[in-house]
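Data first, discussion second: the structure below is written as structure tokens.
The values are calculated or read from the model by the stated rules, or taken from the named source; none is laboratory data. Here the structure is a predicted model, which means the values were calculated and not measured. As a convention, Cβ positions derive from the backbone with ideal geometry for all residues, glycine included, and neighbour counts pool all protein chains shown. Protein only, heavy atoms only, side chains kept; ligands, DNA and RNA dropped before computing areas. Shrake-Rupley method; radii C 1.70, N 1.55, O 1.52, S 1.80 Å.
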Amino acid sequence: MENKTIFYINLYYKNSIFIFFQTCFLFLLFHFIIDRLYFTDEVFFAHYYDVYSTTKLNHLIELRHKWYWVSYVIFPFLFLVKCIIPAAIIYLGMYIDKMEVSFSSVFKVVVISQLVFIIPEIIKLVWFNYNPISMDALRSFHPFSLYSLFDPILLQEWLKYPFKILSLFEVLYWFAIALFLSNFLKRGFDEMLKIVVVYYGSFLFCWMVFVMFISISNS
């Protein structure tokens with residue numbers, strides 16, 4: 001019990017920016033490993049073989065090599081947005097419920113909780129080490145999600161995004177946020193989970209409906 005308390009205290013007093021860059025680097029590392037191992041030129045070539053000529057494909061692969069680094073530069077900014085939005089929503093919810101907490105603390109909790117999404121990356125690494133690799137298989141690999149229960153070809157386009165989001169890891173993410181908030185702020189876990197579900201859950205639901213509407217409008 002004492003070790004657990006020390007663990008939470010250490011996390012609480014760590015700098016938010018330091019935790020952010022640590023977590024971001026870990027995600028980048030996994031993306032780099034997966035890209036290098038599985039998103040190879042051969043996989044890329046095989047996927048677009050029936051779409052482009054060999055000359056065009058070779059040119060695209062050269063461009064891919066030339067501008068590959070851009071995705072790694074953009075990733076930290078995308079990851080920052082991915083953390084700021086839920087942190088802001090949860091912080092607003094706690095403010096409305098008259099709970100005294102700094103945005104920095106909520107942001108820190110959200111960043112740490114993002115580590116839940118490292119698990120599917122690990123699963124992906126293991127899975128494709130023993131199974132056939134293709135661009136479609138890599139893109140459609142969303143373990144323990146509603147999306148994984150259906151054939152992507154038969155699934156309507158407007159359902160794909162919400163089905164990818166609705167996964168075991170999204171649920172674990174919510175529980176992780178509630179758990180860390182509970183320990184950092186010395187509040188009840190049920191109380192913190194209610195905040196996450198009511199405020200962030202409502203936002204996520206509205207966002208999924210918006211994306212579904214856009215998909216239907218463009219189909």
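Of the residues making up the range 15-30, those that are open to solvent by less than 60 Å² (accessible area, probe 1.4 Å) and either closer than 19 Å to ARG139 by Cα or of a type in the set (Val, Ile, Thr) (or both) are ILE19, THR23, PHE27, LEU28, PHE30.
One residue stands out among those in the range 22-56 that are of a type in the set (Asp, Glu) and part of a helix (DSSP H, G or I): the one that is modelled with the lowest pLDDT, which is ASP41. Just name the residue that is nearest to the chain's Cα centre (by Cα) out of those in the range 86-105 that are more than 12 Å from ILE195 (Cα to Cα) and of a type outside the set (S, T, N, Q). It comes out as ALA88. Among the residues of the range 124-132, are any surrounded by 17 or more Cβ atoms within 10 Å (Cβ to Cβ) and not in a loop (DSSP other than H, G, I, E, B)? Yes, the conditions are met somewhere in the range 124-132. Can SER167 be described as farther than 21 Å from SER102 by Cβ, in contact with a strand residue (DSSP E or B) (Cβ under 8 Å, 6 or more places away or on another chain) and open to solvent by less than 40 Å² (accessible area, probe 1.4 Å)? For SER167, the condition - farther than 21 Å from SER102 by Cβ, in contact with a strand residue (DSSP E or B) (Cβ under 8 Å, 6 or more places away or on another chain) and open to solvent by less than 40 Å² (accessible area, probe 1.4 Å) - is met.
Restricting the first residue to the range 92-115 and requiring it to be under 9 Å from LEU181 (Cβ atoms), which pairs with a second residue that is modelled with pLDDT under 90 and in a helix (DSSP H, G or I) meet a Cβ separation below 7 Å and a spacing of at least six or different chains? These pairs meet every condition: VAL101/LEU185; SER105/PHE184; VAL109/PHE184. Sort through LEU159, LEU204 and tell me the only one that's surrounded by fewer than 17 Cβ atoms within 10 Å (Cβ to Cβ), under 20 Å from the mean Cα position of the chain (by Cα) and not hydroxyl-bearing (Ser, Thr, Tyr). The conditions single out LEU159. Taking the range 148-163 as the range and being closer than 19 Å to ILE214 by Cα and not in a loop (DSSP other than H, G, I, E, B) as the test, the residues that pass are GLU157, TRP158, LEU159, LYS160, TYR161, PRO162, PHE163.
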